[in-house]
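Here is the structure we will look at.
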Amino acid sequence: MDVSSYVLLSHEQALRRRLDVAANNMANSSTVGFKREQPLFHEYVENAREALVEDARKTSFVLDYGAIHDTAQGAFQATGNPLDVMIDGPGYINVETPEGGVAYTRAGFIKILESGDLAISSGQRILGDNGRPINVPEDQQSSVTIAADGTVMGREGPLGRIAVTNFADENMVSPRGDGMMTGTGGRPLAARETRLKVGGVEASNVQPIVETTNMVEILRSYQNSMRMTESLNDIRKQAISRLGRVN
């Protein structure tokens, strides 16, 4: 296989990666709090020691460098549940992982467990700004409310404040695979910096029309790459045929 085939294969692998990301975005267009992803590629240049012409010494390949999140905020989606919240701005709600660590989410579906602890819809407990779960006494569960700064109010006063962590570098945040995120280098937001909208959640920021257009563009690029591969194969066959006649 010559260099041109390797370059085309590198390009087709990048297209496959783009297609996987676009398909995942489409699949999560209705997932609350989901942030669309964009693949990130780097150019790798290989310098050959020898080449027929000087311009052919450098060969560019495509390297998959991961994916970045589109941090654009999704629309507010009213739910009618007074405990549901949407973060108005950057940041993630702190939740307790099954292993006892901390994970992050933008999905603000909130419920009260039988134990009285606040939790997200999947059952992971929400952590307060003191790092501990927020518990609502049974006799106050019918009257609990959440303020715009994340303070959970019971009938007799504050019960805690929902912890929200902001990451200056979104590249430090990555999906866990269970609807939550892991991250390092985050900064807990103070009450004056926290802005929550109550009574709804954040819709996915995926635009299905945009993703569909991307998928069509990827398909056409792949078809062009396949045509170039076929053209190169034809050139090789012709070269072999001519060399055979000369011999």
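No value in this document is a laboratory result; all are computed from the given coordinates. Just so it is clear, the structure is predicted and the values come from calculations on it, not from any experiment. All Cβ positions, even for glycine, are placed from backbone atoms using ideal geometry, and neighbour counts span all protein chains on display.
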Bin all alpha-carbon pair distances of the range 145-247 at 5 Å intervals from 0 and give each bin's fraction as a whole percent.
2, 9, 8, 10, 12, 10, 7, 7, 6, 5, 5, 5, 4, 3, 3, 2, 1, 1, 0, 0
Suppose every K and R has +1 on its Cβ and every D and E has -1 on its Cβ; what is the size of the dipole of the chain about the Cα centre, in Debye to the nearest 20?
700
Based on Cβ point charges of +1 for Lys and Arg and -1 for Asp and Glu, what charge dipole magnitude is obtained for the range 76-202 about its Cα centre, in debye rounded to the nearest 20?
200
Rounded to one decimal in Å, the inverse mean reciprocal Cα-Cα distance for the range 126-191, i.e. its Kirkwood radius, is 13.4
Any idea what Rg and Dmax come out to for the chain if you just take the C-alpha atoms, in Å?
26.0, 98
Testing the spin-label approximation: label points 7 Å from Cα along Cα→Cβ at residue 145 and residue 130. State their distance in nm.
2.3
With the dipole of the chain worked out from charges on the C-beta (+1 for Lys and Arg, -1 for Asp and Glu) around the Cα centre, which of 115, 159, 22 lies farthest toward the positive end?
22
Reachable lysines from residue 111, Cα under 27 Å, same-chain residues fewer than 8 places away excluded?
35, 197
Those GluC sites (Glu not before Pro) from the range 178-220 that are DSSP loop and have at most 16 other Cβ neighbours within 10 Å turn out to be 193
For the chain, take the longest principal axis of its alpha carbons; what is the angle in degrees between that and the long axis of helix 208-246, to the nearest 10 within 0 to 90?
20
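Helix-only mean residue ellipticity at 222 nm, the chain, DSSP H runs n ≥ 4 weighted -39,500 (n - 2.57), per residue, nearest 500. What is it?
The helix contribution divided over the chain gives -9500 deg cm²/dmol.
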Between 0 and 90 degrees, rounded to the nearest ten: what's the tilt of helix 3-27 against the longest Cα principal axis of the chain?
20
The answer for the net charge of residues other than residue 204 whose Cβ lies under 15 angstrom from its Cβ, with Lys and Arg +1 and Asp and Glu -1, is -1
Check residue 34: other-chain or 5+ apart residues with amide H under 5 Å from its amide H, H built from backbone geometry?
204, 205
